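The values are calculated or read from the model by the stated rules, or taken from the named source; none is laboratory data. These numbers were taken from a predicted model, which means no experiment stands behind them. Reconstructed Cβ throughout: ideal geometry from the backbone, glycine too, with neighbour counts over all protein chains shown.
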Amino acid sequence: MRGISRLEGKYAVTMDLYPPQGKEFTRIQPFFDNLRQNRFTTTKCKKCGKLSYPPRVICPECLSEDLEWVDLPKEGTVVESVVEEIGVPIGFETPLVLAMVEIPGAFTFIVRIINCKPGALQAGDKVRLSVFEVEPFPAEFGRETVEIARVYFAFEPVDPEKRIN
Amino acid sequence: MRKVCIIAGGMSQWGIRQATLREMFQEAGKACFEDNPMVTNKDIDGLIVASAYTERLATQTHLAPLIAESLGIKTRSVCARVELLCASGSSAIIMAYGLIKSGVADVVMVAGGEKLNTPQKWEAFYSQLCSVDHDFDGAHGLGLPPAALAMVAKLHMKKYGTTEEQMAMVSVKNRRNGINNPKGQFRECIDLNTAMCAKVVAKPLKLYDCCPLTDGAAAVILACEEKAKYLTDRPLVYIMGTGQCTLYNASANKVDWTSWEALRIASQKAYKEAGITPDHIKVAQTHDCFTISEIIEYEELGFCKKGEGGPFVESGQSDFGGKVAVNTDGGLLSCGHPFGGTGIRQAIEIMKQLQGRAMRNVEDAQFGLTQNFSGMIAAQTVLVYGREI
Ligand SMILES: [Zn+2]
């Protein structure tokens with residue numbers, strides 16, 4: 001997985017592809033800790049029952065702070081997909097495969113599909129969570145710079161015939 | 001409440017420019033003052049600047065005072081920047097409208113523009129990752145370009161039978177309209193075959209289905225009716241109604257990708273304030289960032305029934321001589337799309353149409369409309385303009 005280091009020394013780059021992580025920088029660190037354990041989770045409001053995604057620290061519906069982490073299905077169904085050949089942001093492979101994926105009982109969202117044979121993905125296909133390490137967060141603590149490890153996720157085809165391993 | 005008029009408008013050259021952001025803002029401001037010599041920079045009491053990527057691509061924040069200084073404007077009422085990505089320009093017009101209507105400001109320049117082509121071509125695409133929900137959509141590589149709209153197009157084709165030919169017809173029409181526009185990025189006609197056989201960007205979207213990356217700026221002047229009467233001798237064009245709606249931002253929270261409820265809500269509010277129905281609109285500048293967008297916009301703006309956007313363009317209803325002429329100056333597909341400039345470019349064309357001095361006039365247009373969506377179809381902005389009768 002290429003990240004921003006590709007451009008080091010060549011150009012002033014300030015875009016970070018991934019969310020801030022580490023308890024010093026975010027209040028939703030459990031989302032990332034859970035990803036590390038191959039769990040796809042989000043927050044649910046204990047007061048009004050609203051399931052939020054992205055995960056929140058305050059319920060966007062009733063503004064309660066009484067939220068709990070719940071597991072989402074790790075498998076979803078492709079509603080529609082697209083293979084992007086041009087204009088793929090640097091740091092992501094070309095062609096970039098993106099799919100609208102229905103997570104049963106939760107929501108339909110756009111997610112990156114990795115480890116997929118070119119042109120193989122079709123509407124109706126099952127895809128599953130795939131977690132990977134991304135560039136660490138070089139954080140300053142006093143005079144020291146400490147690398148905070150980070151993870152992120154995509155989905156991949158369940159069918160081994162459609163998967164590149 | 002006071003009435004608000006649009007009394008002048010001008011643009012810089014749009015395209016891949018050998019110029020910086022501030023230089024293009026100067027060109028647009030000068031063109032705007034030249035459009036109406038009765039108003040000068042000394043008459044302006046407020047400035048609202050619309051630009052989205054100024055920090056990232058022009059390395060400049062606190063942009064409004066810099067633009068004021070470069071145009072000899074000394075403000076008293078308002079001097080600030082507004083950002084709503086692709087709808088930044090229209091948002092700034094709504095802000096200026098509200099301030100003038102309520103008496104906070106009298107004569108306001110609204111100037112918008114963008115510098116998107118930088119020495120490294122990837123920079124603009126890279127920046128787009130922060131225009132969606134960066135942490136939860138952008139981190140999947142989802143920027144603004146075609147991915148989401150390609151999926152929307154596929155879903156619309158499946159659900160309503162819209163064809164790739166119908167999408168291409170939007171591009172052919174808007175390219176044809178754009179040939180008269182000296183400030184636009186593209187001034188060549190294309191035929192249906194060229195559009196259909198063009199390089200695939202993200203299936204089913206091909207090269208001519210997508211607007212380009214554009215540098216450029218545009219400016220308009222809004223004034224309260226009382227002052228407008230002294231600052232122009234042209235027919236007065238009023239802002240009659242506005243609407244701006246957002247219902248969700250992240251991809252996970254969208255309910256229906258082919259039915260744009262936010263646009264229905266925004267346009268119904270704007271129509272209601274203007275006291276009109278969609279049938280009164282004879283000319284409209286809509287957000288044709290992709291051809292499929294314009295097709296869905298016909299439907300949600302009420303120009304045709306839901307699902308009939310494809311046949312609407314195919315039967316010529318969105319062309320000159322049809323029910324409503326859409327993107328008469330070439331739209332984003334011809335003029336290009338410097339985010340902050342687009343809504344202002346649209347306002348200029350509607351003003352000129354309603355004053356009967358456009359490059360090609362729609363006959364007897366009394367009302368006109370502008371519309372933008374922004375982000376990943378996350379917000380919808382609509383303005384209705386009308387001329388005095
Ligand atoms: Zn709640």
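A:L63 fails exactly one of the following numbered conditions: (1) modelled with pLDDT of 95 or more; (2) surrounded by 12 or more Cβ atoms within 10 Å (Cβ to Cβ); (3) more than 30 Å from B:W122 (Cβ to Cβ). What is the number of that condition?
(2)
Can you name every one of the strands (runs of 3 or more DSSP E) wholly within segment A:95-164 that holds 1 or more residues which are more than 14 Å from chain B (Cβ to nearest Cβ) and among the aromatic types (F, W, Y)? Give the derivation first.
Numbers: elements: A:96-103, A:107-112, A:126-141, A:144-157.
Here the list reads A:126-141.
Report, by residue number, each residue of segment A:55-99 that is of a type in the set (V, I, T) and touching a residue at least 40 places away in the same chain (Cβ under 8 Å). Working first, answer last.
Let us first name the residues in segment A:55-99 that are of a type in the set (V, I, T), namely A:57-58, A:70, A:77-79, A:82-83, A:86, A:88, A:90, A:94, A:97.
A:T77, A:V78, A:V79, A:I90, listed by residue number.
Collect the residues in segment B:177-207 that are in a loop (DSSP other than H, G, I, E, B), out of contact with any Gly (no Cβ under 9 Å at 6 or more places or on another chain) and away from chain A (no Cβ under 12 Å), keeping them in residue-number order. Quick ask: steps written out before the conclusion?
Filtering segment B:177-207 down to residues in a loop (DSSP other than H, G, I, E, B) leaves B:179-191, B:198-199, B:203-204.
If we keep only those that are out of contact with any Gly (no Cβ under 9 Å at 6 or more places or on another chain) as well, we get B:182, B:190-191, B:198-199, B:203-204.
Residues satisfying the conditions are B:P182, B:I190, B:D191.
What about B:A28, is it buried (at least 22 other Cβ atoms within 10 Å of the Cβ), within 23 Å of the chain's Cα centre (by Cα) and of a type outside the set (S, T, Y)? Give the steps one after another, and end with the answer.
On the way: buried (at least 22 other Cβ atoms within 10 Å of the Cβ): yes; within 23 Å of the chain's Cα centre (by Cα): yes; of a type outside the set (S, T, Y): yes.
Against the criterion (buried (at least 22 other Cβ atoms within 10 Å of the Cβ), within 23 Å of the chain's Cα centre (by Cα) and of a type outside the set (S, T, Y)), B:A28 qualifies.
Just to be sure before I move on: is B:R17 in contact (Cβ under 8 Å) with a residue 60 or more places away in the chain and part of a loop (DSSP other than H, G, I, E, B) in the structure I sent? Lay out the reasoning, then the answer.
Values: in contact (Cβ under 8 Å) with a residue 60 or more places away in the chain: yes; part of a loop (DSSP other than H, G, I, E, B): yes.
Considered against the rule, which asks whether it is in contact (Cβ under 8 Å) with a residue 60 or more places away in the chain and part of a loop (DSSP other than H, G, I, E, B), B:R17 comes out as yes.
Restricting the first residue to segment A:27-54 and requiring it to be closer than 19 Å to B:A252 by Cα and away from chain B (no Cβ under 14 Å), which pairs with a second residue that is in a loop (DSSP other than H, G, I, E, B) and more than 16 Å from the ligand (Cβ to nearest atom) meet a Cβ separation below 9 Å and a spacing of at least six or different chains?
Close Cβ pairs satisfying both conditions: A:R39/A:L72; A:R39/A:K74.
To keep it simple, each residue is scored yes or no on (1) surrounded by fewer than 23 Cβ atoms within 10 Å (Cβ to Cβ); (2) assigned by TED's automatic domain parsing to the domain that holds B:S77; (3) under 27 Å from B:S12 (Cα atoms).
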position	(1), (2), (3)
B:A223	no, yes, yes
B:A228	no, yes, yes
B:L247	yes, no, no
B:A252	yes, no, no
B:G275	yes, no, no
B:I295	no, no, no
B:F303	no, no, no
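Take the residues of segment A:16-49 that are within 26 Å of A:S130 (Cα to Cα) and basic (K, R): which is nearest to the ligand (Cβ to nearest atom)?
Looking at the filtered set, the residue picked out is A:K44.
Kindly provide the set of residues from segment B:253-296 that are touching a Lys or Arg at 6+ places or on another chain (Cβ under 9 Å) and part of a loop (DSSP other than H, G, I, E, B), ordered by number.
B:T258, B:S259, listed by residue number.
Being under 19 Å from B:G216 (Cα atoms) and touching a residue at least 24 places away in the same chain (Cβ under 8 Å) is the filter; apply it to segment B:64-77 and report the residue that is surrounded by the most Cβ atoms within 10 Å (Cβ to Cβ).
Top of the filtered list is B:I67.
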